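> First the structure, which I've put down as C-alpha cells, then a few questions once you've had a look.
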Amino acid sequence: MTDSADSGRAVTSEFDDYRPPEPARRGRRRRDGPPREPDQIDRANPVNQSNSGGGAGSNEPPSSTTDGEFDSYYGRPVVKAPPWEWPIGLYFFVGGLAGGSALLGAGAAVTGRPRLRRNSRLTALGAVSIGLPALVYDLGRPERFLYMLRVFKPSSPMSMGTWLLTAFGTAAGFAAAGEVDRMSGERLPLGRLRPLLRVAECAGGTTSAVLGGPLAAYTATLLGDTAVPTWAASRKSLAYVFVSSASLAAGGTALVTTPVRETGPARALAVAGVVGDLVATRRMRGQMHPLEAEPLESGSAGWKLKLSEGLAIAGGLGALLAGRSRPIAAASGLALAAASALTRFGVLEAGLESVKDPRRTIEPQRERLERRRAEGVVDDSITTGPRQTGGRPDEPTSSERAEQPQ
C-alpha cells in the first residue's frame, strides 16, 4: 500500500514530453455542492459536445468529421514511416540503371554496335551487383532475402520484386559473361562449353532486356502500395517517372563510357527520358492533393527534385545538340545520371517527410470522402451510412445488411 504522498505524485513516462500542457484539475464536486455551469460541463466532458449543435441526448445526427481542425494524438504522426535509409535510395537508382542498360544493350546488339552492347551489358550487371547488397543491407540479415524466395505471391510487390531481381541478375550475368570472354580474346578455359556460353549469352541478353522495364518500374509500385501519403497519392504516375528516370541513367552512363560514333541509341534514349520525366512529374503532381505534393516541392526533397529537373534539361540539350563531341557527351551523361539519382532519392525522402504532418494523411482523405458523398456514393466501405449523409432513411447501410439474417 502506498502513502498519500506517493498516490498524489504524477506518473510520467518517456511519452509525456509530447503531452500538451494540461489545465489544473478541479476537485470532485460533492453531491450537495453547487451545480456547474454548462461551459464547465463541456470542458469537463468533451465527449458530450456536439459539432452540429445537438447535445448528447439530441436526436440530430453528428456532423461530418470535416468540422473543426484535425489534431492527432499528441500531434504524433498517423502513419508510421518505413525504416528506409540511403541504401534503399541507392537500390532504386541502380535498379533503374540496370533495367535501362539491359534494354539499351539489346538494341545495340540488334543494330551492330559492339562497344555500346558490351558497355551496356557490363553496366547492367554492375548495377544489379550493387543493388542486391544494398537491399540485403537494408534487410539486416542476408537470409531474409532468401526467405522471400520461398513464396511467389503476385499480389505482393515485394515478393515479385525479389523474384524479378533474381531472374534479371542471372540473365544479366550470362550476357556479361560472353562479353568478358570476348574481351579476354576467348582465353577463358571453357573448352567445349564456349558454344553453350554463346547460346546462354544471347538468351541472357534477351531475357534481361525483357525484364529491364519491369525492374525499373516495380519500385514505384512498391512505394505506391504503402500508406505513406505522398507515395500513395503518386501511385498512378510514379511508374512513368521511374521508367523515364531509368532512361536518363542508362543513356547518360552510355554517353560517358562509349565512343560517340556508337552512342546514337543512347542519345535518343536520354532525350526521350528527359521529355518523359518532365511530363510524368508534372502530371503526377497535378493528380495529388496540395498537402500530399508539398514534400515534393519544399525542403531537402524539393531541392533535390528541382536540381534533378535542371540537370535533366541541361543533359538532354547537351546530348541532343552537341552529342558528337566526346567531352560534351561525357558531361551530358554525368548530368543525366545525377538527375536520375536525385529523382530517386528525392521521391524517397519526400515520402518519409510526408508522414510527419498528420494533416497530410487526414485532410486529403476527408476531401475525397466528401467528394464521394457529393457524387452520391454513400453506402460502401469508405463513406459513412446514409443516415449521416442525407441518404434515404429507409435504406439500410452495408453494416446493417450484414447483420440481417439471411
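> For a quick check of your reading of the model, give me the residue pairs whose first member lies in the stretch 100-116 and is within 16 Å of M183 (Cα to Cα), whose second is among the acidic types (D, E) and assigned to a helix (DSSP H, G or I), with beta-carbon atoms closer than 6 Å and at least 6 apart or on different chains.
Hits for this filter: R113/E262; R115/E262; L116/E262.
> Still on this structure, please answer the following. S156 versus (1) closer than 28 Å to W86 by Cα; (2) buried (at least 21 other Cβ atoms within 10 Å of the Cβ): which is the lone unmet condition?
(2)
> Follow-up question, since we're still on this one. Is it true that T253 is of a type in the set (V, I, T), assigned to a helix (DSSP H, G or I) and under 23 Å from G333 (Cα atoms)?
Yes.
> Any residue at all in the stretch 117-138 that's under 17 Å from W163 (Cα atoms) and free of Cβ contacts under 8 Å to residues at least 12 places away in the same chain?
yes
> L223 fails exactly one of the following numbered conditions: (1) open to solvent by less than 20 Å² (accessible area, probe 1.4 Å); (2) closer than 22 Å to A108 by Cα. What is the number of that condition?
Every condition holds for L223 apart from (2).
> Right, next: Restrict the check to the stretch 112-121 and report whether at least one residue is open to solvent by less than 40 Å² (accessible area, probe 1.4 Å), under 24 Å from L248 (Cβ atoms) and of a type in the set (K, R).
Scanning the stretch 112-121 turns up at least one residue that is open to solvent by less than 40 Å² (accessible area, probe 1.4 Å), under 24 Å from L248 (Cβ atoms) and of a type in the set (K, R).
> Further, regarding this structure: For the stretch 254-270, what are the residues that are buried (at least 21 other Cβ atoms within 10 Å of the Cβ) and hydrophobic (A, V, I, L, M, F, W, C)?
A254, L255, A266, L269, A270
> Scan the stretch 320-357 residue by residue and report those that are surrounded by fewer than 21 Cβ atoms within 10 Å (Cβ to Cβ) and more than 18 Å from the chain's Cα centre (by Cα).
L320, L321, A322, R324, S325, R326, P327, I328, A330, A331, L334, A338, listed by residue number.
> Then there's this: Any residue at all in the stretch 156-179 that is of a type in the set (D, E, K, R) and more than 17 Å from G126 (Cβ to Cβ)?
no
> Quick test for you: out of G99, G131, pick the one residue that is open to solvent by less than 50 Å² (accessible area, probe 1.4 Å) and at pLDDT 90 or above.
G99
> Does the stretch 181-209 hold any residues that are buried (at least 16 other Cβ atoms within 10 Å of the Cβ) and either within 15 Å of A109 (Cα to Cα) or hydrophobic (A, V, I, L, M, F, W, C) (or both), and which are they?
Across the stretch 181-209, the qualifying residues are L197, A200, E201, G204, G205, T207, S208, A209.
> Here's a follow-up. Give G68, G55 a once-over and let me know the one that is assigned to a loop (DSSP other than H, G, I, E, B), on the phi > 0 side of the Ramachandran plot and either open to solvent by less than 70 Å² (accessible area, probe 1.4 Å) or modelled with pLDDT of 85 or more (or both).
G68
The values are calculated or read from the model by the stated rules, or taken from the named source; none is laboratory data. In this text, all values refer to a predicted model and were calculated from it rather than measured experimentally. We place every Cβ from the backbone using ideal geometry, glycine too, and count neighbours over all the protein chains shown. Areas reflect the complete protein model, heavy atoms only, side chains present, ligands, DNA and RNA absent. Shrake-Rupley method; radii C 1.70, N 1.55, O 1.52, S 1.80 Å.
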